[in-house]
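Data first, discussion second: the structure below is written as structure tokens.
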Amino acid sequence: MSTSPLLKTLLGTPSFSRRGLLAAATVAAAASTLSITEARAEEATDIAKLPRVKQTLVAPPFLPEHKQVADGGPKVIEVTLTIEEKKLVIDDEGTEVWALTYNGTVPGPMIVAHEGDYVEVTLQNLPTNIMEHNIDFHASTGALGGGALTKILPGEQVVLRWKAIKPGVFVYHCAPGDVMIPYHVVHGMNGAVMVLPRDGIKDGEGKPVTYDRVYYIGEQDFYIPRDQNGNYKKYEVPGENMSDAMEVMRTLTPTHVVFNGAKGALTEKGALKAKVGETVLFIHSQANRDSRPHLIGGHGDYVWEGGSFNDKPDTNLETWFIRGGSAGAMAYKFRQPGVYAYVNHNLIEAVMLGATAHVVVEGEWNDDLMSQVSKPAPMQQG
């Protein structure tokens, strides 16, 4: 039976190299052997005594149900991430991308745990997929964030457990190796984890900061090839665009910069909701490029720019900075009703490329905070 040119290309990449797969397996086996004889039995006994909680993951911008302050001691948080290669439309012009996704969304779903919990992830690669995949958790502690221990081919699954010892918000993403790392990430294969302190998040004086709502905004840069007429190209199967996409990626100039997978995903029917007097926690991640979130008409009351809840938050920021490959958090109490624009304040990316969300806030208007003293009228002379 002959092999298609596409599969030959894929099998020739580092992500699909059988030699690379065997090497990774050897490294993983060696690492496992070192721990099995000395620590695993005792560790497994301790973990076996912990309560286990199955966390139902939900599509962004929402988060799974969770308590802001931990109830009791550490737990094993069980989650399932199913890898799906699927075609998505990313703008109102019908531009398509074969997205590489966790649980079918860009970004992948948020996972929530508390400091001291164990996160046990069942990672599944659907048999209908054609690529090898894995996962690298920035929230975890261990070489490659678990990437070497989670490489799976279509039709396989693997279970990884890691301990949440760093409170904060963190990126996770696919990292199969070499050029396939950026290829997978810029095709949507990333998400985030929130590890809350057991006693909840705090302000700079150690006082509790609670939130009434929480939203997850995953910023995604896409690099869509164009044909000779300048139109965005479409492809029949995942990976078929690899050569073309690599050329666009090398320019470091995205064709789209969007929130939650598509231009307009968080506006109009997808707009976020809030009420005057509510405090909303916004979690913002960018797995590949720097970003500058800004809430037009509001401020970052508390901003954990680097994502660490162990650090004192900055206060009253107009714009904050999210480094590529990281996530940050911002809490704001809405004081006026209206439609707020949450944007990447590279306004070219916000307005022209798609990095804009809307927050529709209900409530009573406060003239003391803002009022129109006079309506537009002809200029007075003299």
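Tabulated data for the structure shown
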{"item": "Pairs where the first residue, in region 174-199, is under 20 Å from Asn125 (Cα atoms) and touching a residue at least 60 places away in the same chain (Cβ under 8 Å) and the second is among the polar types (S, T, N, Q) and in a helix (DSSP H, G or I), C-beta under 7 Å, 6+ apart", "result": "Pro176/Ser15; Gly177/Ser15; Met180/Ser15"}
{"item": "Enumerated strands (runs of 3 or more DSSP E) restricted to region 153-266, each holding at least 1 residues that are surrounded by fewer than 20 Cβ atoms within 10 Å (Cβ to Cβ) and not aliphatic (A, V, I, L, M)", "result": "157-163, 213-222"}
{"item": "Total residues in region 86-130, condition aliphatic (A, V, I, L, M) and assigned to a loop (DSSP other than H, G, I, E, B)", "result": "5"}
{"item": "Count of residues meeting criterion [over 20 Å from Leu63 (Cα atoms), open to solvent by 30 Å² or more (accessible area, probe 1.4 Å) and in contact (Cβ under 8 Å) with a residue 40 or more places away in the chain] in region 272-305", "result": "7"}
{"item": "Per-region count, region 342-382, residues outside any loop (DSSP other than H, G, I, E, B) and open to solvent by 20 Å² or more (accessible area, probe 1.4 Å)", "result": "9"}
{"item": "Some residue of region 310-323 being open to solvent by less than 20 Å² (accessible area, probe 1.4 Å), over 20 Å from the mean Cα position of the chain (by Cα) and of a type outside the set (Asp, Glu)", "result": "yes"}
{"item": "Filtered residues of region 130-143 (kept if open to solvent by 10 Å² or more (accessible area, probe 1.4 Å) and either within 16 Å of Met189 (Cα to Cα) or touching a residue at least 40 places away in the same chain (Cβ under 8 Å) (or both))", "result": "Ile130, Asp136, His138, Ala143"}
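The values are calculated or read from the model by the stated rules, or taken from the named source; none is laboratory data. This one's a predicted model, so the numbers in the text were calculated from it and none came from an experiment. FYI the Cβ positions are ideal-geometry reconstructions off the backbone, even for glycines, and counts take in every protein chain you see. Heavy atoms of the whole protein, side chains included, go into the accessibility calculation; ligands, DNA and RNA do not. Shrake-Rupley method; radii C 1.70, N 1.55, O 1.52, S 1.80 Å.
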